[in-house]
């Protein structure tokens, strides 16, 4: 990027009204402009194949290809691409995964507009931009025990409503093995039962599902997803 040229930005979000607001915000700045938009991760990857842009402003919770998958593919095609995540998910696991995928900045959609343009300028200059609340979430993640791949697999099957016997049959292991994994993942998540494990999975952002997918997957649980979010789980 030439220093005398505006920062070229790609906006990726599945809500047109969000893209419109971000477009107006960014184009009002003299040193940056929106040159492309995408309504999903796959479209963003395809756009990036035809044109190298300075900064990608990326949502995470999108259907089909989510933001994490898109970041990985874009960074694989262009390792020096700069990515600013702008999302509604503040789960410590989500923050960790986004930075691990290659994002240089992480913002919540509740942030002040000036933070968005500030983050774009920072990452365009090769810096990171992590507000204090995001740094706190990263610290929480560092203090938490990491689930193994098998434990994550079983946790997702629990959320889908499968019993221990059904999980054992699905994974071709004994029911005793499944119980052992469940006891360990409950301990790592510091919860007492399956429902609390499901809530913890959402709170930490372990699975990057859309609102619709979450509502579908959690339909069998006796709690309101929106209520849990309001209570700050």
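Which is part of a helix (DSSP H, G or I) and free of Cβ contacts under 8 Å to residues at least 24 places away in the same chain, of 24, 80?
24
Output the number of the condition that residue 232 fails; it satisfies all remaining conditions of (1) at pLDDT 85 or above; (2) closer than 21 Å to residue 92 by Cα; (3) assigned to a loop (DSSP other than H, G, I, E, B).
(1)
For the subset of the range 115-130 comprising residues that are surrounded by 16 or more Cβ atoms within 10 Å (Cβ to Cβ) and in contact with a helix residue (DSSP H, G or I) (Cβ under 8 Å, 6 or more places away or on another chain), which member is farthest from residue 25 (Cα to Cα)?
Within the range 115-130, the match that is farthest from residue 25 (Cα to Cα) is 130.
Table: residues versus (1) within 22 Å of residue 126 (Cα to Cα); (2) in the same structural domain as residue 116 (by TED's automatic domain parsing); (3) exposed (fewer than 13 other Cβ atoms within 10 Å of the Cβ).
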| site | (1), (2), (3) |
| --- | --- |
| 39 | no, yes, no |
| 49 | yes, yes, yes |
| 67 | yes, yes, no |
| 76 | yes, yes, yes |
| 82 | yes, yes, no |
| 89 | no, yes, no |
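The values are calculated or read from the model by the stated rules, or taken from the named source; none is laboratory data. From a predicted model like this one, the values you see are computed outputs, not experimental measurements. For neighbour counting, all protein chains shown are included, and Cβ atoms are generated from backbone atoms with ideal geometry for every residue, glycine included.
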